[in-house]
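The values are calculated or read from the model by the stated rules, or taken from the named source; none is laboratory data. Because the structure is a prediction, the values reported are computed rather than measured. Don't worry about glycine lacking a Cβ; one is built from the backbone with ideal geometry, like all the others, and counts go over all protein chains shown.
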Amino acid sequence: MSVPHGAVVVGVDSGAASTTAVEWAAEEAARRRAPLHVVHAAGVDTGPFAPPASVSGMRARGRTIVHRAVERVGEARPEVLVGSDVVDQAPGPALRAASVRAASVRAALVVVGAVGHGRVHDMTVGSVSLELCYRSASDVVVVRRQEDPAARRVVVGVDGSAAGDRALVFAVGIAEGRGVPLTALHCWTRHRPSDLAVAAVDVGTGVATHERLLREAIDRCVPASTTVELDRQVAGARPGAALVEASRHAALLVVGARGTGGVAGLHLGSVVRSVLHDARCPVAVVRR
């Protein structure tokens with residue numbers, strides 16, 4: 001597979017979600033002035049017992065899918081340099097391999113649609129997206145339908161961890177490149193002690209503590225020279241639910257692949273799975 005350094009890689013299949021992913025990836029490649037590389041994983045079994053007609057048919061189908069995607073990019077974004085590959089692998093391993101080849105510089109990104117056509121070799125959120133979010137060598141964007149088509153805002157989950165900081169840096173770069181506002185959202189879960197007086201003190205102290213955590217993360221990660229319109233929000237709610245709600249009026253939701261690991265942290269096992277399944281806009285999972 002000949003993926004250029006720093007390319008935006010997009011996985012394509014025969015589903016409608018793939019078309020949306022290609023459009024999103026082409027726009028992002030144009031913004032980054034990066035090449036776009038279209039990959040179709042044919043899932044071909046090339047073993048000694050594989051029927052030759054089946055192998056050649058699946059490869060031919062893959063070449064047709066890729067050709068249509070490249071044509072679509074050429075019509076919409078003629079300034080973007082486009083390459084392509086049809087590979088005899090399942091989608092997960094194929095896109096992981098592409099991410100390794102593209103990840104030598106910061107621009108690397110792998111884009112997939114949220115759902116595929118439903119066949120074994122097509123791309124579904126349950127298998128390929130989660131596998132990439134766990135194991136990709138580069139950042140991953142899972143393109144979901146945007147519930148509010150007029151929304152331009154980027155929303156990022158911040159939890160004070162190194163992964164949360166990386167997500168914030170990524171989100172600032174996206175918002176600055178697009179010239180759109182950014183919401184930095186930190187969530188925390190309130191304790192519920194039986195003594196109501198203690199509970200009131202706990203909530204008051206907790207809000208101040210978490211507002212400080214968010215402020216310190218922004219001080220670390222957001223340059224003073226940024227032109228981004230930044231909105232800071234602290235919510236006493238579970239991160240997954242709060243981020244999904246915020247995504248209803250967002251163009252992109254950004255989370256870190258790993259967080260603090262606590263109940264209120266942004267860790268892949270719960271929060272990323274939740275937003276990948278329920279978000280109302282594309283989701284970026286920042287791994288690097």
- Qualifying positions in region 1-32 - among the acidic types (Asp, Glu) and not in a helix (DSSP H, G or I): Asp13
- Task: Could you grab the pairs with beta carbons closer than 6 Å, sequence gap of 6+ or different chains, first residue in region 211-225 and outside the structural domain of Val158 (by TED's automatic domain parsing) and within 13 Å of Thr183 (Cα to Cα), second one in a helix (DSSP H, G or I) and at pLDDT below 95?
- Result: none
- Message: With the structure loaded, tell me whether Asp13 is modelled with pLDDT under 85 and among the acidic types (Asp, Glu) or whether it fails that test.
- Response: no
